[in-house]
Amino acid sequence: MKPPAFEYLAPATLEEAVAALGGEDAKILAGGQSLVPMLNFRLLAPSLLVDITRIPGLDYIEDWDGGLRIGALTRHHTLETSPLVRERFPVLHAAMAHVAHLAIRNRGTIGGSLCHGDPAAELPGLALLLDAQLRTTQRTIPATDFFEGTLATALAEDEILTEILLPALPPGTGWGFEEFARRSGDFALTAVAATIGAEVRIVAIGANEKPIRLAKAEGLFSDQSSIDAVAAAAQDEVSPDSDLHASADYRRHLVGVLARRALKSAWEGAS
Amino acid sequence: MRYLEAGKRHSVRFTLNGRSVEGEAEPRLLLSDFLRHHLGAFGTHVGCEHGSCGACTIRVDGKAVRACLLYAVQMDGRVVETVEGLANPDGLDALQAALQKHHGLQCGFCTPGILMSLSQLHDEEPKADEARIRDVLSGHICRCTGYHGIVQAALEVFGKS
Ligand SMILES: Cc1cc2nc3c(=O)[nH]c(=O)nc-3n(C[C@H](O)[C@H](O)[C@H](O)COP(=O)(O)OP(=O)(O)OC[C@H]3O[C@@H](n4cnc5c(N)ncnc54)[C@H](O)[C@@H]3O)c2cc1C
Ligand code: FES
Ligand code: FES
């Protein structure tokens with residue numbers, strides 16, 4: 001339970017950080033709430049850790065044309081308690097309450113969660129639901145193209161996520177977020193997030209190797225009376241795995257139940 | 001830009017419970033081990049070393065964090081608080097006294113971490129209700145008490161009993 005030896009670098013600028021990532025077998029260290037456990041378990045043994053938390057100007061939540069721009073080093077606890085997030089993206093505010101525990105949320109960053117790419121993590125699913133644009137040191141990647149599989153993303157080795165752009169939701173958009181976990185703060189067995197506004201969007205978390213939009217189910221939505229049929233379709237659209245925590249069948253069942261609840265809240269909240 | 005070589009010890013300096021402390025650490029040394037074995041601050045306990053149990057929870061710059069998920073070298077210039085800093089010259093602080101009164105601890109292994117999380121909650125949300133208190137406690141594993149006494153103690157300090 002002790003990490004292997006590594007060199008440690010705390011760059012003061014993004015340029016220095018990118019340069020350091022170029023050469024060696026290096027890893028970016030942000031909040032460390034996923035990376036450090038993996039090092040302690042010796043699942044990883046990078047030769048260099050590049051601690052980006054001393055780089056100024058990456059921790060902010062600001063207006064972006066009615067939506068929000070969020071710095072990659074913004075902590076989960078800051079997102080959870082931000083009045084701007086609560087007002088503009090209540091679905092994100094609701095989801096944050098399910099991300100780990102207070103002490104983890106104080107340290108973990110939005111950028112770290114997205115780049116880690118855990119299929120059961122809330123933030124990658126929310127990025128997909130809210131059509132986030134992910135700005136890096138090289139380019140801007142739509143959330144739809146960012147997540148590639150379990151702990152795999154489109155980022156290059158020497159690419160750093162710097163900013164998350166969330167476009168404004170159309171006025172009157174209703175939302176729902178439903179998660180099932182064994183204990184509060186545990187990773188989701190599965191979760192479903194939905195918005196109903198100009199369009200209907202449904203995302204399942206923890207049900208595939210990455211968060212997915214349930215496009216077929218979305219296409220069946222008409223009004224309240226269609227919710228049961230949409231939920232049944234959602235259940236058919238996911239392909240969960242069995243593991244220690246739950247069987248594939250149980251996860252599939254949960255997706256149906258959670259989709260029904262999330263759509264019901266979204267419908268009731270929409271105007 | 002600060003660069004530290006692997007396998008070598010480097011000087012680390014931060015504030016611990018209001019006192020400036022200094023020591024030497026290899027980059028891979030966990031803050032929990034640095035506190036206990038280099039500074040002799042054994043109040044911070046170590047259970048799982050992967051962030052799950054909460055025993056090692058301390059406060060850094062006012063925020064509760066897992067000491068087992070930080071490296072000592074990251075603490076340069078930070079303000080660190082551990083359970084040793086809670087009591088005042090007159091005795092236990094309010095949360096500690098309430099835990100004692102309500103039998104909120106038996107073996108005491110989980111207690112320092114719980115105190116540090118609840119102390120942040122009390123600073124930020126002095127009117128937190130039972131649901132919020134239980135939510136914060138969900139980040140701490142207590143194998144002895146069944147949590148009831150801990151919740152009662154917190155409710156008293158948060159003015160809810
Ligand atoms: C006990 C426990 C329970 C948890 N429960 C949950 C939960 O319920 N839901 C949940 O979503 N998460 C949970 N987490 C994980 C937590 O949310 C982490 O904070 C998050 O996944 C990673 O963020 P970080 O800033 O700590 O990243 P780190 O651990 O520092 O990094 C994670 C990965 O991303 C890379 N990385 C980090 N930042 C960047 C960047 N800006 N650009 C490029 N690459 C980068 C790192 O190299 C590393 O590979 C839990 C963690 C613990 C310890
Ligand atoms: S020892 Fe740090 S959380 Fe268990
Ligand atoms: S008092 Fe023994 S673990 Fe909590």
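Just a few scattered comments:
- Phi to ³J(HN,Hα) by Karplus 6.51 cos²θ - 1.76 cosθ + 1.60 over segment B:145-155, Hz, x for Gly, Pro: 7, x, 6, 4, x, 5, 4, 4, 4, 5, 4
- Summed residue charge, Cβ within 9 Å of B:Leu4's Cβ, Lys/Arg positive, Asp/Glu negative: -1
- Here, the protein assembly as shown has an Rg and a Dmax of 22.2, 67 Å when only alpha carbons are counted.
- Counting, for every residue in B:119-129, the Cβ atoms of other protein chains within 10 Å of its Cβ and taking the mean gives 1.
- For segment A:7-54: rounded, prolate or oblate by the Cα gyration tensor [a/c cutoff 1.5]: oblate
- Cα long-axis angle, helix A:14-23 against chain A (0 to 90 degrees, to the nearest 10): 80
- Karplus 3J(HN,Hα) series, Hz, for segment A:148-162 with 6.51 cos²θ - 1.76 cosθ + 1.60 (x for Gly, Pro): 10, x, 4, 6, 10, 10, 6, 5, 7, 4, 10, 10, 10, 6, 10
- Mean Cβ neighbour count within 10 Å, used as a protection proxy, ranking B:71-80, B:25-34 highest first: B:25-34, B:71-80
- Shielding by partners - mean other protein chain Cβ count within 10 Å, residues of B:109-117: 1
- Per-residue average of Cβ from other chains inside 10 Å of A:38-49: 2
- Residue among A:Ile227, A:Val200, A:Ser113 farthest towards the positive dipole end of chain A, charges placed on Cβ: A:Ile227
- Each peptide in B:105-117, A:37-49 receives the mean, over its residues, of other Cβ atoms within 10 Å, and ordering these scores from highest gives B:105-117, A:37-49.
- Here the label points at A:Arg135 and B:Arg13, each 7 Å from Cα along the C-beta direction, are separated by 3.7 nm in the simple model.
- Within segment B:117-155, backbone nitrogen closer than 18 Å to the virtual label 7 Å beyond the Cα of A:Arg183 toward Cβ: B:117-118, B:131-152
- Proximity of backbone amide H atoms, modeled 1.01 Å from N, is registered between A:Thr74 and A:Tyr60, A:Ile110, A:Gly111 at under 5 Å, excluding neighbours fewer than 5 places apart on the same chain.
- Choice from B:Thr15, B:Thr57, B:Thr44 with maximal GNM fluctuation in chain B (Cα, 10 Å cutoff): B:Thr15
- Model label points for B:Leu92 and B:Glu130, set 7 angstrom from Cα along the Cα-to-Cβ axis, are 2.2 nm apart.
- The length gained on full extension between A:Gln224 and A:Thr150, counted as 0.36 nm times the residue separation minus their Cα-Cα distance, comes to 23.2 nm.
- The fraction of all Cα pairs in segment B:10-85 landing in successive 10 Å bins from 0 to the largest distance is 22, 62, 17, given as whole percents.
- Taking amide hydrogens as placed 1.01 Å from N in the peptide plane, the amide H of A:Ile141 sits under 5 Å from those of A:Leu134, A:Arg135, A:Thr136, each at least 5 positions away in sequence or on another chain.
- Degrees, to the nearest 10: A:248-269 long Cα axis against longest axis of chain A: 70
- Ordered by the number of other Cβ atoms lying within 10 Å of each residue's own Cβ, fewest first, A:Val200, A:Val50 fall into the sequence A:Val200, A:Val50.
- Taking all Cα pairs closer than 8 Å and separated by 6 or more residues, the relative contact order of chain A comes to 16 percent.
- Hull-based mean projected area of segment B:1-146, where the convex hull spans the alpha carbons, in square nanometres: 9.5
- A:Ala12/B:Phe42 FRET efficiency (R0 30 Å; Cβ-Cβ; nearest 0.05): 0.30
No value in this document is a laboratory result; all are computed from the given coordinates. Since the model is a prediction, treat every value here as computed from it, not as a measurement. Neighbour counts run over all protein chains shown; Cβ positions are idealised from the backbone, glycine included.
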